[in-house]
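No lab work stands behind these numbers, since they all come straight from the coordinates. Keep in mind the model is a prediction, meaning the values are calculated, not measured. Cβ atoms come from the backbone with ideal geometry, glycine included; neighbour counts cover every protein chain shown.
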Amino acid sequence: MNSESETVNPMRFAQRRTVADPARVLILGGTSEALQIAAHLAARSDVMVISSLAGRVNQPRLPVGKVRIGGFGGVDGLASYLKQENIAVVIDATHPFASRISRNAEIACQSAGVPLIPMERPPWQPGERDRWVTVPDLQAAAALVNNQASRVFLSIGRQELGAFSGCSSAWFLVRAIERPDELPPKSKLILNRGPFHLEAEIQMLREESINLLVSKNSGGNATYPKIQAASELGIPVVMVDRPAKYTVPAAATPADVLLKLEELLGYPI
């Protein structure tokens, strides 16, 4: 993965890992993929999985195995944690838009000499019926929306709603897992957690007379029905592009992550 992880001898791990001394694997993130990887590894006796969640949601879905919640204190804090906890491999399965922790993880792993397996689910791709306008960030999305007196379904989570605080023309339907600290001036809040279903999304868009959708290109299946619903109803989508997360190629699926982990540990996972 990085210059140090590429030279790691996998048999170094295989020779010293036993049931009494399992390989300690740190998983960053509470995504569905992270939970899937944790569940697979937690069933093994030769691996000890530790999942780290950011703590931005008060009642997160907890993965199987040991869990820690909260930040590490930046790059230096994470590098120190990796050394103190004797972490053998780090798996970064954070959200595609969680670029800061991913950048920190790559630098910290290089500093600590710990292999990193980055994972990033593939982005959504527009189909023939989709009407997308792709923008580089939320500020660009807000500038675009502010020029239209639209009824907007704003589905970007609760952390960055402040980007739309200056939008005085549009009305927003905001969906989040927990109540945000701030909302756009003219808005309605729905508290709900995915996965969502196509029929329900279509009904919601119709009932709220939505004529524009703003979404991050998160990829995955859990929230894709809103994109399908917009396509079915002919509603245009302002799609916020992803930030660059890594300087190295990332695995696309949990299966790819586990194959890479096998290579690093030197035994089947």
(request) Any chance you could list the semi-axes, whole Å, largest first, of the equivalent ellipsoid that the Cα gyration tensor gives for the chain, using √(5λ)? (result) 39, 18, 17
(message) Please compute the modelled spin-label separation between LYS186 and GLN203, points set 7 Å along Cα→Cβ, answer in nm with one decimal.
(response) 2.7
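Have a look at the DSSP beta bridges in the range 132-240 and tell me what percent are antiparallel, nearest 5.
On the way: 0 of 21 bridges.
Roughly 0 percent of the DSSP beta bridges within the range 132-240 come out antiparallel.
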(request) Could you list which residues have their amide H under 5 Å from that of ASP241, counting only those 5 or more apart in sequence or on another chain, with H placed in the peptide plane? (result) VAL135, ASP137
(request) Provide Rg over Rh for the range 132-240; use the alpha carbon set for both Rg and the Kirkwood Rh (inverse mean inverse pair distance). (result) 0.91
(request) Mind listing the long-range amide H neighbours of LEU173? Cut-off is under 5 Å, sequence gap 5 or more, other chains count too, H placed in the peptide plane at 1.01 Å from N. (result) VAL152, PHE153, LEU154, LYS188
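Please state the shape class of the range 207-246: rounded when a/c is under 1.5, otherwise prolate if a/b exceeds b/c and oblate if not, all from the C-alpha gyration tensor. Numbers along the way, then the final one.
Working: a/c = 3.00, a/b = 1.91, b/c = 1.57.
The shape class here is prolate.
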(message) Which residue, LEU259, THR247, PRO184, has the largest displacement toward the positive end of the dipole of the range 181-269 when charges sit on each Cβ (Lys, Arg +1; Asp, Glu -1)?
(response) PRO184
(request) Which order do the peptides 109-115, 224-230 take when ranked by the mean count of other beta-carbon atoms within 10 Å per residue, highest first? (result) 224-230, 109-115
(message) Between the range 213-234 and the range 101-174, what is the separation of their alpha carbon centroids in Å?
(response) 13
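In debye, nearest 20, what is the charge dipole magnitude of the chain about its Cα centre with +1 on Lys and Arg Cβ and -1 on Asp and Glu Cβ, if you could check? Numbers along the way, then the final one.
Details: 28 positive and 26 negative charges, 101 e Å.
It works out to roughly 480 debye.
Please work out the FRET efficiency for the pair ALA39 and SER168, using the Cβ-Cβ distance as r and a Förster radius of 41 Å; give the result to the nearest 0.05. Please report the intermediate quantities before stating the final value.
Details: r = 46 Å, r/R0 = 1.13.
So, using R0 = 41 Å, E works out to roughly 0.35.
Could you list the GluC sites (Glu not before Pro) in the range 228-269 that lie in coil according to DSSP, counting only those with at most 11 other Cβ atoms within 10 Å of their Cβ?
On the way: sites: GLU232, GLU262, GLU263; in loops: none.
Passing sites in the range 228-269 do not exist.
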(request) Return the tail of the calculated pair distribution for the range 56-110, meaning the percent of Cα-Cα pairs more than 19 Å apart. (result) 30
(message) Using the alpha carbons of the range 88-178, what is the convex hull volume per residue in cubic angstrom, as a whole number?
(response) 138
(request) With springs connecting C-alpha atoms under 10 Å apart, model the chain as a Gaussian network and identify which of ARG24, ARG151, ARG193 has the largest mean-square fluctuation. (result) ARG193
